[in-house]
Every structure is written in C-alpha cells, then in structure tokens.
C-alpha cells in the first residue's frame, strides 16, 4: 500500500498527492520532487507508478519481490538501489532484517519497504525538519536512508559484541565444561544473516562514491564516501564477530570433549574398582555356596581344623586378589 505521497519544493513539504498520474507534472510545475513511500506493494499497485514515472519492468519486479541482495543498478536516467536495514532483538539474540528498494529519478524518489523498519519514517521526519538538506532533492533521501542504515549496522555490531563477551565468559570463566554450542550456533547463524545485509552493500556505496551515477551529482560523492567508510568498518566488525564465534565454538567443543573424556576416565576407574571388589567378594561367596550345599559328605567336615583351614584359605585368596588389583592400580 502507499504509505505517503507528497510534493516537496524549496526544501518544504507542499502537500500530499493523491493522483499519481499528475505527480510528475506537479513536480515540474513547482520545481520540486515527489516522494512516495510504499509498504509491501502488489504488482497492481505499481501499475500507476510504472506509467507515471516510467519505471523499468526489471526494477519493478525486484522492488515487488523481497529477499534481494543489496545492490545499485542504472536504468537510463534512473538509479535503483536495494538496502537491507537491520535491528537487533537482544533478549532473543535475533537480527531482524528488512528491505528497502529505492527508485531515484530527477524529480522523484520512490521507497518500497518490505518488513519492519522505521528508517523511511525517520528519514522523512528528519529531512522535513532540515529544509537546507531537503533542497538537494531525491539524492538527499537516498543518502539519508543509506546513512541511517549503516549507522544501524554499527549499533547492531556493538550489541552482538556484548553477547559474544557474555558467551566467552561462560565458556572460559563462570561455566566452563558445559555445552554452549546451541547458543553459539544460533548467534553465529544470525551474524551470517547480518553479514549478507552488510558486506554486499559496500560495492554499491563504492560506486556511489567513485562513479558517475544518474541523478547523483558529483558534489554528493564525498557524503557517500563517508557512508562507504562506515559500511567498510561495519563489514570488518561483522567478519571479526563471525570469526570470533567460530573460535569460541571450537573452544567450547574442545572443553566439552575434555570434560567428557574426564568423566569417561572417572567412570572407567569406578568400574575397575567395582569389578575388583566384586572379584574379591566372589571368592568367599563361592566357597560359602559350595559348603552350604546339602551334601552328606563334605571334605574337611570331620577335621576339627577344617573350618579354620577353609576360612584361612579364603582369606589368602582374597588377600592375593587384593594385592594383584592394587599392583595393577585398580584399587
């Protein structure tokens, strides 16, 4: 749906436009530009825009379909850009990624939003409060959106670093030996998704800073170069976070493996002790069982020292087994 459509001239918002067919004529008449915001539009909703602003079909298809890579494309006198704003949901450690498709013409800018992001509204509010910047027209809108998106990238990297520090404390400090792999893997997956939003944007920003792009004046390049510098910094931080999570996961798995080996060794030691005592105990048990059988004739029953002989023999055998197990360090 169309969120807002307004005419801007002389650094001021003039009035809302309801008829898209006459929007361009209004912009030329007032020597201004038209700023249109859309949210999850359908192909039918784009029909009037395609006719009134002569939008290329390929760019329209990219704008309607979400999940595009960040990019910058030129269609004659039109510049088309895709950027992915993000925000971090700290309590569940999730990076929420939205998408903005931006058409920049000489007298219009069309911003198509997919997902949840407040950047278009923030940019509109800030530029409407800054007439001097708004006088630069559609290029000011494009710059403001890219600048705020990259600033959000830096904020998200800081939040992720806090969670990584917490994970490191758990793995190496407060809670060593326990398995934190699930949390690390989930955060690493979110960082990978974040990476797909940040890293591909560096190329388009480099083109805006260094190349001739339709409707982007040469005097605006230093401003885009500043955004590019921040985006490079954000990309480096994302790569570092991803590498750090990989190392922490390997360390966590190594600690878990060491703990499992320690437990296994302890269990083997316990089993050897249990087996040793069971072997020692089976000797008197076996002898008692034999002599407890209901036989008429039992060897040694008529000897007055028979009982002591059997008892002593049992003690000798048990003692020998105990000494053997002690020698083999089973006991």
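The values are calculated or read from the model by the stated rules, or taken from the named source; none is laboratory data. A quick note: this is a predicted structure, and the numbers were derived from the prediction, not measured. Because the Cβ atoms are built from the backbone with ideal geometry, glycine has one as well, and the counts that use them run over all protein chains shown.
The table for this structure:
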| read-out | value |
| --- | --- |
| Only listed residue being part of a loop (DSSP other than H, G, I, E, B) and either in the same structural domain as residue 236 (by TED's automatic domain parsing) or surrounded by fewer than 23 Cβ atoms within 10 Å (Cβ to Cβ) (or both), chosen from 96, 106 | 106 |
| Residue within region 176-191 that is closer than 29 Å to residue 209 by Cα, in contact (Cβ under 8 Å) with a residue 40 or more places away in the chain and touching a strand residue (DSSP E or B) at 6+ places or on another chain (Cβ under 7 Å) present | no |
| Selected residue (only one of 87, 80 is modelled with pLDDT of 90 or more, outside any loop (DSSP other than H, G, I, E, B) and either over 18 Å from residue 215 (Cβ atoms) or not assigned by TED's automatic domain parsing to the domain that holds residue 131 (or both)) | 87 |
| Those residues of region 1-13 which are touching a strand residue (DSSP E or B) at 6+ places or on another chain (Cβ under 9 Å) and either touching a residue at least 60 places away in the same chain (Cβ under 8 Å) or part of a strand (DSSP E or B) (or both), in sequence order | 2, 3, 4, 5, 6, 7, 8, 9, 13 |
| Among the residues listed as 234, 286, 241, 320, the single one being surrounded by fewer than 16 Cβ atoms within 10 Å (Cβ to Cβ), in a helix (DSSP H, G or I) and modelled with pLDDT of 85 or more | 320 |
| Odd one out for residue 70 among (1) surrounded by 15 or more Cβ atoms within 10 Å (Cβ to Cβ); (2) within 28 Å of residue 129 (Cα to Cα) | (2) |
| Of residues in region 211-221 being in contact (Cβ under 8 Å) with a residue 12 or more places away in the chain and out of contact with any strand residue (DSSP E or B) (no Cβ under 6 Å at 6 or more places or on another chain), the one surrounded by the fewest Cβ atoms within 10 Å (Cβ to Cβ) | 217 |
| Residue count for region 108-129, restricted to those that are in contact with a helix residue (DSSP H, G or I) (Cβ under 9 Å, 6 or more places away or on another chain), over 19 Å from residue 216 (Cβ atoms) and without any contact (Cβ under 8 Å) to a residue 40 or more places away in the chain | 4 |
| Some residue of region 37-44 being at pLDDT 85 or above, buried (at least 16 other Cβ atoms within 10 Å of the Cβ) and closer than 19 Å to residue 135 by Cβ | no |
| Of all residues in region 14-36 being part of a strand (DSSP E or B) and buried (at least 18 other Cβ atoms within 10 Å of the Cβ), the one that is farthest from the chain's Cα centre (by Cα) | 33 |
| Checklist (1) in a helix (DSSP H, G or I); (2) closer than 24 Å to residue 149 by Cα; (3) in contact with a strand residue (DSSP E or B) (Cβ under 7 Å, 6 or more places away or on another chain) applied to residue 61, failing item | (3) |
| Answer residue from region 156-188, given it is within 12 Å of the chain's Cα centre (by Cα) and closer than 22 Å to residue 83 by Cβ and is surrounded by the most Cβ atoms within 10 Å (Cβ to Cβ) among those | 156 |
| Output for region 45-66, where each listed residue is loosely packed, with under 12 Cβ neighbours inside 10 Å and touching a residue at least 12 places away in the same chain (Cβ under 8 Å) | 51, 58 |
| Condition met for residue 229 (part of a helix (DSSP H, G or I) and modelled with pLDDT of 95 or more) | yes |
| Qualifying residue in region 39-51 (condition: in a strand (DSSP E or B), closer than 30 Å to residue 231 by Cα and assigned by TED's automatic domain parsing to the domain that holds residue 163) | yes |
